[in-house]
Amino acid sequence: MSGCKRASKPLASLWRQGAKGSCPNSTLGVSFRSFTAGPARFDEANVQSSKADNSAFPDPATAVTPSEEEKLIKAGILPVGSRRRRLALQTTANIPFEQLPYQCFQEARKVLQADREEKLKQIESERARIAKLQSQDPAVSGGEVEKARRLRSMQNYLEKLKILADINDPLIKKRFEDGQGDMNRPIYRYLADKKWREYQRPLIVQRITQMNVVPDILPHLDPVADVRLAFRRHNIQPGQFVDSRVSESPARLKVQVFDKGERFVTVAVVDPDVPNLEKDSFDYRCHFLAANIPISPTSTSIPLSRLSQDSTILPWLPPFAQKGSPYHRLSVFVLEQPNGQKIETAQKAVERDGFNLRSFADKNSLKPIGAHLFRTQWDEGTAAVMARAGLEGADIELRRKRVEPLPYKKKDGARYR
């Protein structure tokens, strides 16, 4: 018997006697164990159960802790909705959201429902007014121009009423947070536009302003559409440096507009930083140009590699920067075509080198609605990319001209001391 066991044996006997004598009718199960190097049996069971619980895969609908979310993301599964929603589902025993047993919540829903019914009555009344105005003679309405102006104003007010009818509905906000909103409905377009203007729009405006994309390429740009850019599985942030081997394949755009209806757009990718050695300045180069691309609030994907030959004016040219040149700003512009009209692409003789987006937009009455930006520079894969694309100049290294010193600095400086 070891020294620890001999020292603890009297203590154990006294503890058992005291527990039996002082609390004979006690229902507390007090267990005592002498000192040992091994774990107790119930401790072993607890450790095994905790390990089993930790090894269990979390439910995407109820995972709330960062460790559970990280485990899901590593497995390629995204958690469903917001963390607040998942916590509510975890603590309410799968009760439907609209039936949560909270009196204040249910009373608030009654108030919101009454307000929604009032807004629906206003919507029906406004629709009747619009129908009446459409059936009127333009002479009675003040002429064609005045009638069109009044109709446009009333339709805008009708869209506003549709948004106000659903803006306070908790189910609407829940579906939007879960990514299940229908972009055909005005309320979801309004919420998406509001979320985009909180961060993504100021970010892209800051990038194109800070890097002088405006006014180097276009004199003015007021983004009203969310433009996202990706190369295969690489999502590109505005202004990010992209490896030449990644950008060798055509990009994929996601253009989200927030007003109803389908329209045709033109996509242009322009590089304004092409060195011109003869003029000692920079020129433009168009790396991609396509027109007559249909988009809508529900049709947002534009894979540049899958566009038809009729839409493509200039196919994709891999972005590159010669060795020694500064980084190049590859600017992606989405321009809306007027009144849903198509551009005759077969008659467009567009030169890739020296392409001027300003004159092209003016000739075709195009309106820029969104933009994106990424940068490229010489890297270890640029030479191979240029060789595969049949581009020359990979063996040329550009160097800055040495600035000649001023005349008085060429002389001995001792005489000026």
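The values are calculated or read from the model by the stated rules, or taken from the named source; none is laboratory data. In this text the structure is predicted, and so the values were computed from the model without any measurement. Because the Cβ atoms are built from the backbone with ideal geometry, glycine has one as well, and the counts that use them run over all protein chains shown.
Can you name every residue in region 308-317 that is in a loop (DSSP other than H, G, I, E, B) and in contact with a strand residue (DSSP E or B) (Cβ under 8 Å, 6 or more places away or on another chain)?
Matches in region 308-317: Asp310, Ser311, Pro315, Trp316, Leu317.
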Starting from region 374-391, keep only residues that are closer than 11 Å to Gln322 by Cα, then list their pairs with residues that are among the hydroxyl-bearing types (Ser, Thr, Tyr) and surrounded by fewer than 15 Cβ atoms within 10 Å (Cβ to Cβ) whose Cβ atoms are within a distance under 6 Å, requiring at least 6 positions of separation or different chains. Gln377/Tyr327
Take Leu366 and decide whether it is over 17 Å from Leu229 (Cβ atoms), more than 26 Å from the chain's Cα centre (by Cα) and either exposed (fewer than 12 other Cβ atoms within 10 Å of the Cβ) or aliphatic (A, V, I, L, M) (or both). no
I'd like the residue in region 255-276 that is within 19 Å of Val334 (Cα to Cα) and touching a Leu at 6+ places or on another chain (Cβ under 8 Å) and, out of all such residues, is surrounded by the fewest Cβ atoms within 10 Å (Cβ to Cβ). Asp271
Matching residues in region 176-234 - criterion: being under 20 Å from Leu366 (Cα atoms), among the β-branched types (Val, Ile, Thr) and free of Cβ contacts under 8 Å to residues at least 40 places away in the same chain: Val205, Val214
Filtering region 205-222 down to residues that are closer than 21 Å to Cys286 by Cβ and surrounded by 13 or more Cβ atoms within 10 Å (Cβ to Cβ) yields Arg207, Ile208, Met211, Val213, Val214, Asp216, Ile217, Leu218, Leu221
Report yes if Glu124 is surrounded by fewer than 12 Cβ atoms within 10 Å (Cβ to Cβ) and at pLDDT 95 or above, otherwise no. yes
Which condition number does Ser305 fail, the rest of (1) within 25 Å of Arg232 (Cβ to Cβ); (2) outside any helix (DSSP H, G or I) being met? (2)
Quick one: Leu191 ticks every box in (1) modelled with pLDDT of 90 or more; (2) part of a loop (DSSP other than H, G, I, E, B); (3) within 30 Å of Ala371 (Cα to Cα) except a single one, so which number is it? (2)
